[in-house]
Amino acid sequence: MPVVVAVLAAGCSAAVDPGDVGLLPAITPGEVQELLAGSTEPVVLNVWASWCIPCRSEAPLLREAQASFGGEIRFVGISVRDSQRSARSFLNEFGLDSFEQFFDRDGVVPGTLGGRGVPHKFFFAPGGELLELHFGVIDERTLALNLDELLRRGS
């Protein structure tokens, strides 16, 4: 059994090249509040980390949602408690570099918004009103319901 665990651990830690993904700008709780308050579009704020297995499983769904609704909904990601290289590699691996992405090395921002751990998604109306907070992996149905509500509120 220890051999299996070692193989799984090695598979999860395989390095992916960050490719052309540049350094993620650091963001503070105050800057997040300004971003949300100043947004004329609804916002999906995804809090994630490269070492988070559930974050990896939902990444393709979020990528597809952004590809479909990115013109009407603002998708923002915040990498927490991570390294720049690992976060950038994650974005390259899953094609999430089209999101606005930020870096919160110490993981302070989510707590100021009412979240803990990873992953979780915040759904904000234009101007920053929190409509929904989803803890854990999001499924397609739940994401679709929240996106519909954002579109309704954004129009």
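Can you name the residue in the range 134-155 that is without any contact (Cβ under 8 Å) to a residue 60 or more places away in the chain and more than 20 Å from Pro60 (Cα to Cα) and, of all such residues, is farthest from the chain's Cα centre (by Cα)?
It comes out as Ser155.
For (1) at pLDDT 95 or above; (2) in contact with a Pro (Cβ under 9 Å, 6 or more places away or on another chain); (3) of a type in the set (Gly, Ala, Ser); (4) over 30 Å from Asp17 (Cβ atoms), each residue gets a yes or a no:
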residue: Pro126; (1), (2), (3), (4): yes, yes, no, yes
residue: Leu131; (1), (2), (3), (4): yes, yes, no, yes
residue: Ile138; (1), (2), (3), (4): yes, yes, no, no
residue: Leu145; (1), (2), (3), (4): yes, no, no, yes
residue: Leu150; (1), (2), (3), (4): yes, yes, no, yes
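Can you name the residue in the range 27-38 that is farther than 10 Å from Ile78 by Cβ and hydrophobic (A, V, I, L, M, F, W, C) and, of all such residues, is surrounded by the fewest Cβ atoms within 10 Å (Cβ to Cβ)?
Ala37
How many residues are crowded, with 22+ Cβ neighbours inside 10 Å and closer than 16 Å to Glu149 by Cβ if we restrict to the range 39-64?
Residues meeting the conditions: 4.
Could you please let me know if Ala144 is in a helix (DSSP H, G or I) and farther than 19 Å from Leu24 by Cα?
yes
Name the pairs whose Cβ atoms lie under 8 Å apart, with the first residue in the range 44-57 and under 22 Å from Ala26 (Cα atoms), the second in a strand (DSSP E or B) and of a type in the set (Lys, Arg), and 6 or more positions between them or separate chains?
Listed pairs, sorted by first residue: Val44/Arg74; Val44/Lys121; Leu45/Lys121; Asn46/Lys121; Val47/Lys121.
Give the range 83-127 a look and list any residue that's surrounded by fewer than 20 Cβ atoms within 10 Å (Cβ to Cβ), in a helix (DSSP H, G or I) and either under 13 Å from the mean Cα position of the chain (by Cα) or at positive phi (or both), or say none.
Within the range 83-127, just Phe94 meets the criteria.
From (1) under 11 Å from Leu96 (Cβ atoms); (2) crowded, with 18+ Cβ neighbours inside 10 Å, pick out the condition that doesn't hold for Ala67.
(2)
Pull up the range 133-148, narrow it to residues that are more than 15 Å from Ala65 (Cα to Cα) and touching a Phe, Trp or Tyr at 6+ places or on another chain (Cβ under 8 Å), then point me to the one that is surrounded by the fewest Cβ atoms within 10 Å (Cβ to Cβ).
Leu133
Pairs needed: first member in the range 109-127, farther than 20 Å from Gln66 by Cα; second member anywhere, at pLDDT 95 or above and assigned to a loop (DSSP other than H, G, I, E, B); C-beta distance under 7 Å; at least 6 residues apart or different chains.
Matching pairs, first to second residue: Val109/Ile27.
The conditions are (1) at pLDDT below 95; (2) under 18 Å from Phe135 (Cβ atoms), and Pro2 fails exactly one of them. Which is it?
(2)
Can you tell me how many residues within the range 51-82 are outside any helix (DSSP H, G or I) and of a type outside the set (Gly, Ala, Ser)?
11
Please go through the range 105-117 and pick out each residue that is over 15 Å from Val76 (Cα atoms) and of a type outside the set (Gly, Ala, Ser).
Arg105, Asp106, Val108, Thr112, Arg116
Can you tell me which of Leu130, Leu151 is loosely packed, with under 15 Cβ neighbours inside 10 Å and in contact with an Asp or Glu (Cβ under 8 Å, 6 or more places away or on another chain)?
Leu151
The values are calculated or read from the model by the stated rules, or taken from the named source; none is laboratory data. Given the structure is predicted, the values throughout are model-derived calculations rather than measurements. Glycine gets a Cβ as well: all are built from the backbone with ideal geometry, and neighbour counts include every protein chain shown.
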